[in-house]
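Take a look at the structure below.
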């Protein structure tokens, strides 16, 4: 069980950002440039698409006074750029541009640079861009974000376990389903109200800003969070009806299709809000990210459901079915993880030349070690199962037949060969545990 959980957690990183946040590639004017004539606008180019805020740009003149600028926008319609128009008649001296944007993975990025008109000033205006994130707001946002991931895994994985593994008594699964639903609801609401202060780098008290909240509800991250909240209502209705159907022993293909559609819809609210929605091969990337999250949920949530099921009823058939489901989930996790890593790297040089690449190498090594251990464990359990069967049935002789009967006792009825344990359940214990 610990082995499986460790491997899931290692691969869970692929469900989140595939690479670092948006990186500033270039600025026009260039940082530190000395221009003979004042520019008409400032343009920044990033490594991926970025979202803009009302306060994405602050331009300060040589005296430290803020210059009136136009509204921030994307240059030439490109989503990986940010620009702002400057007023005519900028005087001589050094100007400071402080910027703040939101990267495609919904994290804020900020910085500052300078350019000069005519000649540099003796001193440039000091500018405090402030922290990219408010520590308390960032901590609360990160906590809500990971709680949402775990709650989705528990909710989707437990429901998938009940449908695919068909435990004899689904009653122990009702509590994790309810806990997953309520936790996902609370975490999503928290993410929605914390969105504006998180992007602005302000404290949690600014969640009371109605205007900022209204802006959040019209931006892409906010819209996707609203969709997630809207999906939770039919999810609850589906779970109630599925629970009643289980008690009556009724399972229909239509119910399975509806459950799959709801799970995919929930996963899409993550995939469409992060790195998969920007860059190259967006449709394929969103599909891969969605499958990665679903596979993580099926395995991680399924492991939890399996533990609860085995505590109530030790059913070998359920274990065998989960073993096959877990193998399929691992296959999807590895395949989508490799694709997302390749897409995030961008080049072979980045594998050793960037922090993300080196971290990825460590992750790949750890996953390879865990898979090797799982393979050895699987062979070991298979050998144990074979040895047990050989001891139990030498020449089709049963274990009971080899046990001496008490002298003078009544004759025992002829015993039948004990049934074989399901080979799949025994041979694939490593996958489930």
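Computed values, structure above
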| read-out | value |
| --- | --- |
| Cα Rg, Dmax, the stretch 160-255, angstrom units | 18.1, 53 |
| Compactness index (Cα Rg / 2.2 N^0.38 Å), the stretch 24-117 | 1.02 |
| Residue 175 paired with residue 230, simple spin-label distance in nm, labels 7 Å along Cα-to-beta-carbon | 3.5 nm |
| FRET efficiency, 1/(1 + (r/R0)^6) with R0 41 Å, evaluated for residue 237 and residue 365 via beta carbons | 0.35 |
| Percentage of interatomic Cα-Cα distances in the stretch 141-190 larger than 18 Å | 32 percent |
| Rg and Dmax of the stretch 303-348, Cα atoms only, in Å | 16.2, 50 |
| The stretch 134-313: Cα Rg divided by the 2.2 N^0.38 Å rule of thumb | 1.11 |
| Mean-position separation - Cα centroids, the stretch 246-261 and the stretch 142-166, in angstrom | 18 Å |
| Ratio of the Cα radius of gyration of the stretch 238-292 to 2.2 N^0.38 Å, where N counts its residues | 1.52 |
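Readers should treat all values here as calculations from the given coordinates under stated rules, not as data from a laboratory. Here the structure is a predicted model, which is why all the values come from computation and not from measurement. Reconstructed Cβ throughout: ideal geometry from the backbone, glycine too, with neighbour counts over all protein chains shown.
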